[in-house]
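Shown next, in structure tokens, is the structure this report addresses.
What follows is calculated from the coordinates using simple rules that are stated; it is not laboratory data. Only a predicted model underlies this, so the values are computations on that prediction, with no experimental measurement involved. Because the Cβ atoms are built from the backbone with ideal geometry, glycine has one as well, and the counts that use them run over all protein chains shown.
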Amino acid sequence: MNKAAVVIGVNKTGGLTPLGSAADEAERVARWLAGEGFDVKKLTDAKRPVTSAAVVKAFDAIVTVPPRYHLLVVYFSGHGYWQSRSDIWLLSGAPKQTAEAINLRTAIDLAKYSGIPNVVFVSDACRSIPNVRGGAYVDGVAAFPNHDDISAESKVDFIKATSEARPAYEGKIAGAPRSVLTAALMAAFEDPEDSMVRQVVEDGRSIEVVPNRRLESFLQRKVDELLAGIDPNASQQVVVNVPSSEDVYIARVRRPRRATRAAPPGGVGAMAIPSPQPSRPSALATAGDGVRAVADAINNTLSTRGFTRGRAGELLLPTDAGTEARLRRRMPDQQHDHFESQTGFFIQGTVAQRAVASRDHSDLLAEILDPGDGQSRPAVVRVRHVTATMVPQGQVVSVAVQFADRRCVVLAGLAGYVGHVAVKAEGVSNVSYVPSSNHWRWGEYLQRKDEVDRLRAMVALAIDGDAFHLRSEREAMALAERIRLSKGIDPTLGLYAAHAFSQAGNDRQVLSVLKYMRDDIRAELFDIRLLASRLLERGTTLPVVPLCPLLTQSWNLLRARRVDLPALLRAAQPWLCDSLWTTFAAEAADGVFEAIFRGELV
Amino acid sequence: MRVLMVHGIAQGGRKAQDLEKIWVETLQEGFGAAGQSWPATLHFDFPYYGDTLDAFVAKARLPTPAGVVAKGPGQDLEFEKFMQSALDQLQESGHISEQDVRSQMDPAASQEKGIQNWGWVQAIARVIDNRLTPASNFTIETFLREVYLYISRREVTDAINALVAAKLTNEPTIVIGHSLGSVVAYNVIKLRRHALDLRQFITVGSPLGLRAVSSKLGVVENIAKPAAWYNAYDERDIVALNPLDGKWFPVRPKIVNHNGVDNNTDNRHGIVGYLNDGNVAAQVAAALA
């Protein structure tokens, strides 16, 4: 098997607190992987700054057409941001130079089309939201080359040091400055538990390995153990996603000889160094277990053998009270189930100030019937035909709604659907598209309402927490089955599922979602078209709504998919809120809204 | 010892026995050129897939560059991408100048600024055909259609591979693949290496050095090892422009490339211009020894 690694370690980034371990960890990892037969490209700032150009050059040398490696490990230790729902790895010149960084979501998207069958990302970096305005402009490079010739999809595993918007830690372990995740990862191969080890034959030799699939629980336990020795008050929730199969592994088990075994973790006077200082702790940080439980319940339901359509399995099992409350907030509003026009939005958690429909469809308009009170009374935004009231079947429109706090959203107005919008402090956390109760779709929705509403809320919560990942083809098939109604697909679940399919390297299912939606709503949702772009057989004549990505994370894929938004929207990207659904912060919201109002954005 | 011969494109409607006879006689010529005596015990297998591939081509109804110009892109996006990628690379590697290409375009026609300028793509195809194929059934469009179907459509790959794999035995074997046949042989050996006592793998006029082709093969490997892989080509053969070296086909151990063939067929690609080469025949003779 041919293996390669790009190993990056950056201690000093702009004016951020210098790290003590990143470059050394990269050295260790590079040595370790080289010993495992990897061709290693190592970039650290031990002697000179690490630049985007050097990173791109390293990837160009490895990610070739035709592909020549079966496995690529991409390791980064250094400062990181969580920006526009993507990890940003900061190189030496960031944040002053906005391109001196790596956009991890973009890199992962391109890695899927690298031709290398398995790619593993290890991110030992903070995922803090930048607390200085300049940080918001750092978008980074994709690092991976964009090879159009490659059509096979790779499996991309990732291991992230911490949950979104949270810091990762370094500190003294056994007397030396170490990054906690890296120390835990290397320990997994030096001192694995028996259940982690698998015997495989490589190049004719029988060896012990630790498959990527068996790393997660060990890593969390080890991180907890190491961190307890450094700072008992710190916590670090490792995020692991492994769509690859059981036979994919990074390295062999190499148990050290007893005489040279490392000292126990921890060190007297050790100090945790979060990097950089987090500005706004995520709500998720206190509720990560609930999100994980929800994600597990979805996965378990999807993977249950013999499941039949209509059985909700573990979905219906109650979670803790706090999580149930969060799920309820993502459920459709039972009191408001229709519009005369059959189309519009009920918005919970904010006060609507103004609304406008994009001018590309001049027959439809959006109007605020009730601004709401930001509490129990939702804002009511109706979309209607200018003369006939009812929105004709198959018509769609982009709808911008600006809130009283000046933030703004751009949603897809879909004929026959009511969008139940949940707004929280970070922005829009969910939009449940549900058939209007006076529409013909309502009857079939009613038959599976409880299951679909709960699944949608659970998936929304799990995706919001970056915890929902499909683990197998079986789960993908089961999800594809569940999101289907008889004549179409639940739009929200279709959107979420498309992201999950794409992340799992299953573009065929993304395309299937797109086609079902085309048949049903006679339009394409922006994000799903974006995700299916590699496989689209022919140009569409159908409208695409809304005029920008619905989910914040989709913005990071625009470059990789070569989609160019109007300049005004590109300029607004740094002002996206840290919310699951695209929400423009006040600084950009006026401009976006006004441009739609004037017909400059359609 | 036997030789397994895997033919290339545009062989539909021919008789396998006739083709085999041509291959064997040409190889005999090569033995003569190499100063080698023809071994009496050598025998041959010639799996034939020409009609099978023709049937798939007829069924597929793939667009041509001219068709894309007339009707617009999007008729078969994947094939169009393949065709564009291949022709772009053939232009670059074949040293086809911008002036040559422009000479095949309507000077009065409007010029699309987008990345998919199909007038340009069509013109590259015309230059290649005009330059190399005055009197044969080989056109670059035929080549691209047949190669594309084989490497991109699972049912085509499986059907053709099965015809070739049926000829695998545990007898010591030299495999010779020509043109698309080199790709077929590569795939079959990769999948069934254990079922074959391979003594030498010889590719002639192979398009494996084209990115549009190699990118569809997964991680490339030297599937012949521990036996040797010898790749021979005429530098004027438009589909075999690139050596199978570290840049175009990076494998270990390296493939031995021989770019000194003087292919005397009118398109510089025909099998009778390859197997009569003394160096190619010498490789066969060496493997027999």
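Values for this structure:
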read-out: Residues B:ALA195 and B:ALA55, FRET efficiency given R0 of 41 Å [Cβ-Cβ distance, rounded to 0.05]; value: 0.95
read-out: Histogram of C-alpha separations across segment A:431-578, 10 Å bin width, %; value: 10, 41, 36, 12, 1
read-out: Kirkwood-type radius of segment A:55-156, with distances r between different C-alpha atoms, in Å; value: 13.9
read-out: Relative contact order (%) - criterion: Cα under 8 Å, at least six apart; region: chain B; value: 24
read-out: Hull volume in cubic angstrom per residue (convex hull over the Cα atoms of the protein assembly as shown); value: 186
read-out: Computed E for B:LYS247/A:ALA46 - FRET, C-beta separation, R0 35 angstrom, nearest 0.05; value: 0.65
read-out: Spin-label model distance (nm) - A:ASP405 vs B:GLN99, 7 Å beyond Cα toward Cβ; value: 6.6
read-out: Distance (nanometres) between label positions extended 7 Å along Cα→Cβ at A:VAL602 and A:GLN335; value: 3.9
read-out: Relative contact order (%) - criterion: Cα under 8 Å, at least six apart; region: chain A; value: 12
read-out: Environment charge of B:GLN11, counting only residues whose C-beta is closer than 12 Å and scoring Lys/Arg +1, Asp/Glu -1; value: -3
read-out: Segment A:426-546: relative contact order as a whole-number percent, Cα under 8 Å and 6+ apart; value: 20
read-out: Cα-projected label distance for B:VAL272 with B:LEU288, points at 7 Å along beta-carbon direction, nm; value: 2.2
read-out: Local net charge near B:ASP277, Cβ-Cβ under 15 Å (Lys/Arg +1, Asp/Glu -1); value: -4
read-out: Nearby aspartates and glutamates by direct alpha-carbon distance to B:LYS21 (threshold 19 angstrom, same-chain neighbours under 8 apart not counted); value: B:GLU29, B:ASP45, B:ASP51, B:ASP277
read-out: P(r) weight above 23 Å for chain B, C-alpha pairs, percent; value: 53
read-out: Among the listed pairs A:LYS12/A:LYS42; A:LYS112/A:LYS160; A:LYS449/A:LYS487; A:LYS57/B:LYS247; A:LYS96/B:LYS247; A:LYS41/B:LYS254, those beyond 25 Å (Cα-Cα); value: A:LYS96/B:LYS247
read-out: Cβ-defined net charge surrounding A:ASP148, 13 Å radius [Lys, Arg +1; Asp, Glu -1]; value: +2
